[in-house]
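Q: Below you'll find the structure I mean.
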Amino acid sequence: MQCVVLAAGEGKRMRPLTARRPKVMLPIANRPMMEHLVIAARDAGITDFIFVVGYFEREIRNHFGDGSALGVKITYVTQRHQLGTADALRATAGMVNDRFLLLNGDMVLKKDDIRELCRGSAPCVGIHETDHPQDYGVVTVEGSRITGLEEKSEHPKSNLINAGAYLFDPGIFDLLTGIKVSGRGEFELTDALETYIRDGTLTGYPLDYWLDVGQPWDLLDANEALLSSMHHEQCGTVEDGCTIPEGVSIGKGTVIRAGTYIEGACTIGENCVIGPHAYIRGSTAIGDGCHIGHSTEIKNSIIMPGTKVPHFNYIGDSIVGSGCNFGAGTKVANLRHDNGPVKVCGKTTGRRKFGAIIGDNVLFGINCSVNVGSLIGSNARIAPHSLVEGCIEEGSIIR
């Protein structure tokens, strides 16, 4: 069976993290989120993939190549203009000749669910129960048959949502030809599904496990979940006097210097320097080529490759892009004094503790303070002793 993965979109809600990479390439537990999905599908028995790419497609092509590193075969097709899910699937016409799986690239599934979905009858939609259905497209069902699809609504008709996983046969391409542009200016796959619903042929498969990454802070939840369940391997060099539990991954070429204390499930990439006397707390992922230095504490955060947090720094519950540098003494706050949910640019994260979203190549001077819920665009420059808060545009200079 073939698997089509939709990976052409930018993911505008993930800005500034997607300023130079597509959403599906954002790291979770030090792997692009789409790689977790491909591995799950591979372990379910699928080895033939078609990636629909577009925005910054070279990042996907360079990382995955022909798929041989993962033991699969990958073919690429480019969606030149991001005109919706139906348009993306339409780009694969002629490449699929039998029943096939269609997956949105920005979610995490388990192999068992993928295997069971593939054993069903097409057309079928993966559905999932959630306690906040107003954030998704909702489905209504009678038994296993889907009776309705509803776009995001403040008063959803059910708590079951369309999870973005589908089993189709080639007949879907005939339906795609008749779709018109929606009110959002896109060709929507759900419009094609309406035909199946009227015919009474569309069924739903309840997914046992589903992680959606719709907002930047969702990366932290996904990171925590995957780190707690992944296999951990410790390579590199660990100097005497370090405390490192079994649930920590350490990449090749990484040096953990004396006095460093690591707790909880964490992953550290290749060719990093950690410490001396660094404190890495649970659910933290540190990418390749990072430096976490003397008396620096990192807690429940994602630090992307090439970022330097060299000494006397604190970063908590944050997502930090690649190529950043934190001047000595710079701190990121992660808790409101009233203990209320943290907001980023006016939108609630639903989290009591959340620090900041920091884009790529942001440079901080010494002794900067980043207030809770800040969003800092890529290539910003922050002068020493600055207070940073709110939404900072890309390329800004804070004096």
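Q: So, in segment 78-121, of the ones that are surrounded by 20 or more Cβ atoms within 10 Å (Cβ to Cβ) and of a type in the set (Asp, Glu), which residue ends up nearest to the chain's Cα centre (by Cα)?
A: Among those that are surrounded by 20 or more Cβ atoms within 10 Å (Cβ to Cβ) and of a type in the set (Asp, Glu), it is ASP106.
Q: Residues to consider are ILE161, ILE172, ILE179; find the one that is at pLDDT 90 or above and hydrophobic (A, V, I, L, M, F, W, C).
A: The unique qualifying residue is ILE172.
Q: Counting only residues that are closer than 17 Å to ILE392 by Cα and in contact with a Pro (Cβ under 9 Å, 6 or more places away or on another chain), which one in segment 292-321 is surrounded by the most Cβ atoms within 10 Å (Cβ to Cβ)?
A: Out of the qualifying residues, it is GLY321.
Q: Filter segment 70-82 for residues that are out of contact with any helix residue (DSSP H, G or I) (no Cβ under 9 Å at 6 or more places or on another chain) and not in a strand (DSSP E or B) and give the result.
A: Within segment 70-82, just ARG80 meets the criteria.
Q: Could you list, in sequence order, the residues of segment 31-71 that are over 17 Å from LEU89 (Cβ atoms) and among the charged types (D, E, K, R)?
A: ARG31, GLU35, ARG42, ASP43, ARG58, GLU59, ARG61, ASP66
Q: Next question, about the same structure. Could you tell me whether LEU207 is surrounded by 19 or more Cβ atoms within 10 Å (Cβ to Cβ), in contact with a helix residue (DSSP H, G or I) (Cβ under 7 Å, 6 or more places away or on another chain), within 18 Å of MET25 (Cα to Cα) and of a type in the set (A, V, I, L, M, F, W, C)?
A: Answer is no for this residue.
Q: Further question on the same structure: So if I check each of ASN339, ASN325, which one is of a type outside the set (A, V, I, L, M, F, W, C) and within 27 Å of ARG31 (Cα to Cα)?
A: Exactly one residue qualifies, and that residue is ASN325.
Residues are listed down the side, and each one gets a yes or a no for (1) within 20 Å of the chain's Cα centre (by Cα); (2) surrounded by fewer than 23 Cβ atoms within 10 Å (Cβ to Cβ); (3) closer than 23 Å to ASN223 by Cα:
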{"residue": "LYS12", "(1), (2), (3)": "yes, yes, yes"}
{"residue": "ARG20", "(1), (2), (3)": "yes, yes, yes"}
{"residue": "GLU35", "(1), (2), (3)": "yes, yes, yes"}
{"residue": "ARG42", "(1), (2), (3)": "yes, yes, yes"}
{"residue": "ILE46", "(1), (2), (3)": "no, yes, no"}
{"residue": "ARG58", "(1), (2), (3)": "yes, yes, no"}
{"residue": "TYR76", "(1), (2), (3)": "no, yes, no"}
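Q: Are there any pairs, at least 6 apart or on different chains, whose C-beta atoms fall under 6 Å, with the first in segment 366-378 and more than 7 Å from VAL332 (Cα to Cα) and surrounded by fewer than 21 Cβ atoms within 10 Å (Cβ to Cβ) and the second of a type in the set (Gly, Ala, Ser) and modelled with pLDDT under 95, and if so, which?
A: Listed by first residue and then by second, the contacts come to nothing, as the list is empty.
Q: Could I ask something else about it? I'd like to know if segment 140-147 contains one or more residues that are of a type in the set (Asp, Glu), under 22 Å from ALA86 (Cα atoms) and over 20 Å from the mean Cα position of the chain (by Cα). Walk me through it before giving the result.
A: From segment 140-147, those of a type in the set (Asp, Glu) are 142; that's our starting set.
The next check asks that each one be under 22 Å from ALA86 (Cα atoms); those that pass are none.
The answer is no; no qualifying residue exists.
Q: Still on this model: Among (1) more than 23 Å from the chain's Cα centre (by Cα); (2) not assigned by TED's automatic domain parsing to the domain that holds VAL24, there is one condition ARG184 misses while meeting the rest; what is its number?
A: (2)
Q: When segment 138-153 is examined, which residues are found to be buried (at least 18 other Cβ atoms within 10 Å of the Cβ) and within 27 Å of ASP221 (Cβ to Cβ)? If you could, list the steps in order and put the result at the bottom.
A: Of all residues in segment 138-153, those buried (at least 18 other Cβ atoms within 10 Å of the Cβ) come to 138-139, 146, 149-150.
The answer is VAL138, VAL139, LEU149, GLU150.
Q: Could you tell me which of the residues ALA285, ALA258 is within 26 Å of ASP218 (Cα to Cα), touching a residue at least 12 places away in the same chain (Cβ under 8 Å) and of a type in the set (A, V, I, L, M, F, W, C)?
A: On inspection, the qualifying residue turns out to be ALA285.
Q: Specify the residue that is nearest to ALA41 (Cα to Cα); the eligible residues are those in segment 121-154 that are touching a strand residue (DSSP E or B) at 6+ places or on another chain (Cβ under 6 Å) and among the small types (Gly, Ala, Ser).
A: GLY126
Q: Continuing with the same structure: Return the residues of segment 180-198 that are closer than 19 Å to VAL125 by Cα and either surrounded by fewer than 18 Cβ atoms within 10 Å (Cβ to Cβ) or aliphatic (A, V, I, L, M) (or both); say none if nothing qualifies.
A: Answer for segment 180-198, where residues must be closer than 19 Å to VAL125 by Cα and either surrounded by fewer than 18 Cβ atoms within 10 Å (Cβ to Cβ) or aliphatic (A, V, I, L, M) (or both): LEU189, ALA192, LEU193, GLU194, THR195, ILE197, ARG198.
Q: Test TYR314 against the criterion of being aromatic (Phe, Trp, Tyr) and under 21 Å from PRO216 (Cα atoms), and give yes or no.
A: yes
Q: Continuing with this model, one more query. Quick test for you: out of LEU202, LEU226, pick the one residue that is touching a residue at least 60 places away in the same chain (Cβ under 8 Å), among the hydrophobic types (A, V, I, L, M, F, W, C), crowded, with 19+ Cβ neighbours inside 10 Å and not assigned by TED's automatic domain parsing to the domain that holds PRO133.
A: Going through LEU202, LEU226 in turn, the sole match is LEU226.
The values are calculated or read from the model by the stated rules, or taken from the named source; none is laboratory data. For clarity, every value in this text was computed on a predicted model and none was experimentally measured. With ideal geometry, Cβ positions are generated from the backbone for all residues, glycine too; neighbour counts draw on all protein chains shown.
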